[in-house]
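Below: one structure, written as structure tokens.
The values are calculated or read from the model by the stated rules, or taken from the named source; none is laboratory data. This one's a predicted model, so the numbers in the text were calculated from it and none came from an experiment. Heads up, the Cβs are rebuilt from the backbone with ideal geometry, glycines too, and the neighbour counts pull from every protein chain shown. Protein only, heavy atoms only, side chains kept; ligands, DNA and RNA dropped before computing areas. Shrake-Rupley method; radii C 1.70, N 1.55, O 1.52, S 1.80 Å.
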Amino acid sequence: MSLHRVSSMSSYEQIARGSSPARSEHRKMSFNPVGSGKAPSRKDEPVGAFEVSKTKRIVQVAIAVIYCLFAAGIVFGYAAIKPVLIQEGVYSQFCEQDEFMSIELGRTCYEQEIRLNLMFTTAAVATNVCALPVGTVLDRYGPRISGIIGSILLTIGALLMAFATDLPFDAYIPGYLFLALGGPFVFISSFQLSNTFPRNSGLILALLTGAFDSSSAIFLFYRLIYSASDESFTPRKFFLVYLVVPIFILIVQIFIMPANSYKTVGELITQSEERTRETGSEDTASRGQHRESVISETTSLLSKSATNQQTEEDKKKEISGVWGALHGRSALQQIMTPWFIFIALFTVVQMTRINYFVATVRTQYEYMLHSDALAEQVNHVFDVALPVGGVLSIPFIGLVLDNTSVPFTLALLVSVATAIGVLGVLPFLWAAYGNIILFVLYRPLYYTAVSDYAAKVFGFQTFGKVYGLIICLAGLLNFSQSGLDAMTHKVFHRDPLPVNIILLVIALVVGVVLVGYVYHQSRHLHRDALEEEAEESEDTRMPGAPNGF
């Protein structure tokens with residue numbers, strides 16, 4: 001699976017050969033906008049999966065999937081809860097007197113639209129930017145503390161959203177912000193559970209990331225209940241009920257979930273040898289016995305042979321066409337290259353387009369289809385398709401990233417993004433549905449492809465810094481959405497087409513430059529590899545050739 005580029009098997013293989021595993025070998029990846037890689041740096045007691053009963057490990061994985069489903073990325077269900085907030089009159093006090101008629105029809109005025117969208121923009125930015133502090137907390141204090149912090153942030157967010165109308169300040173933006181901050185703390189800390197069953201690590205990561213994408217459906221279900229109850233199940237009631245989720249997370253973190261991350265084989269042996277060197281309490285023989293014990297125990301959890309696994313990994317590296325392009329360089333050296341600059345620009349533009357569409361899908365189609373009913377219908381389809389598309393695209397993403405080159409993958413991203421942009425400016429219902437279908441399939445592929453690019457080009461040694469910086473920059477520049485909203489309403493009088501066309505052209509230009517550069521460099525890398533292989537090969541005498549030839 002593409003979700004787990006470096007498996008536990010590679011760690012075992014290094015130890016079996018007698019080499020010390022590099023810490024960069026143990027990073028995990030996902031298509032989640034905040035990433036999942038982390039380097040082990042804590043001096044805690046290493047925990048091997050074989051030290052915990054199989055039943056408990058199964059329960060831990062199941063619980064993590066459940067709470068990720070209810071908490072990891074619920075803020076991305078904004079398109080579903082936005083109509084509820086509009087119906088409840090959130091920010092309607094900022095509308096002019098002559099705009100109240102349109103509000104009663106379910107539309108929004110300019111000031112109300114800007115503030116509602118700022119809720120989502122702030123949350124989306126926070127989700128990306130907080131990846132760095134989440135990784136620091138996780139490295140230093142472990143997954144239990146990280147999960148507890150996440151539950152506290154979710155509690156604060158739910159309480160602010162529930163009592164926003166009674167508080168003397170605008171509580172909606174900070175409330176939604178805290179819900180966004182809580183998600184990465186509980187989600188990223190769950191990825192270490194892929195080491196509970198190393199032979200099924202890809203499946204576990206797929207379940208967790210699938211839960212993340214599906215969590216956007218929570219607000220969809222709430223909106224359906226809100227409508228079915230004749231609007232009596234108010235946001236206050238919903239968010240008070242939602243407090244069950246962070247309470248559940250807090251309880252399971254204390255009593256069931258592991259306090260320390262499960263370690264891979266390489267981490268177990270490295271940490272064991274580090275402690276031995278520091279304390280000097282073990283002699284060489286006992287260290288050797290412990291090493292063999294760890295390898296033996298962990299090997300029993302693996303079903304594939306190390307040789308087969310290594311062959312598969314080598315094949316993927318060769319197919320990628322860019323593997324190792326900047327491996328071994330410092331993060332500063334890497335971010336000064338076009339490899340980083342072009343992918344960062346591409347990510348900024350695409351993430352802005354994605355989040356802008358999520359925040360404005362209904363208002364865009366109200367204008368383009370000239371029908372509130374059709375726009376509402378499109379919005380409902382989008383609310384369902386977003387989480388479903390994230391789950392259905394998982395096997396497709398794995399096939400693409402594992403069996404095609406990076407230049408091909410980037411070209412596919414640019415092509416699909418362009419198709420989405422074209423469909424997004426066509427004022428037809430069929431184009432709206434086609435746009436949604438492509439969008440929900442493209443979103444997870446895009447996130448995963450960017451993290452996959454970072455791993456293959458920059459390497460795992462600097463993955464956290466480089467990929468984190470890419471996502472952080474993209475998140476910060478997503479505040480430009482407020483400017484796009486203002487431009488749409490004030491300059492173009494609610495017409496979304498000019499902004500969509502501008503974004504389409506910028507994305508196409510940046511995408512073509514990125515694909516062209518990566519393709520050109522991949523050709524050079526391939527030629528260099530052939531030359532190196534030729535230089536290392538031994539001279540052989542042609543059959544029948546005379547001596548000396």
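See the values below:
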{"quantity": "Ranked by how many other beta carbons lie within 10 Å on average, peptides 504-516, 386-398 from highest", "calculated": "386-398, 504-516"}
{"quantity": "Charge dipole magnitude, Cβ of K and R +1, D and E -1 - region 401-511, Cα centre, debye nearest 20", "calculated": "140 debye"}
{"quantity": "Three-way shape call for region 147-260 based on the alpha-carbon gyration tensor, with the a/c threshold at 1.5", "calculated": "prolate"}
{"quantity": "Largest-first ordering by accessible area, 1.4 Å probe, given options F357, F169, F233", "calculated": "F169, F233, F357"}
{"quantity": "In Å², nearest 10: area of L426 left accessible to a 1.4 Å probe", "calculated": "50 Å²"}
{"quantity": "In Å, descending, principal axis extents of the Cα set of region 440-492", "calculated": "47, 25, 12"}
{"quantity": "Contour minus Cα-Cα distance for F479 and S232 (0.36 nm per residue)", "calculated": "85.5 nm"}
{"quantity": "Two-site label geometry, L167 and T55: point separation in nm, points 7 Å out along Cα→Cβ", "calculated": "4.4 nm"}
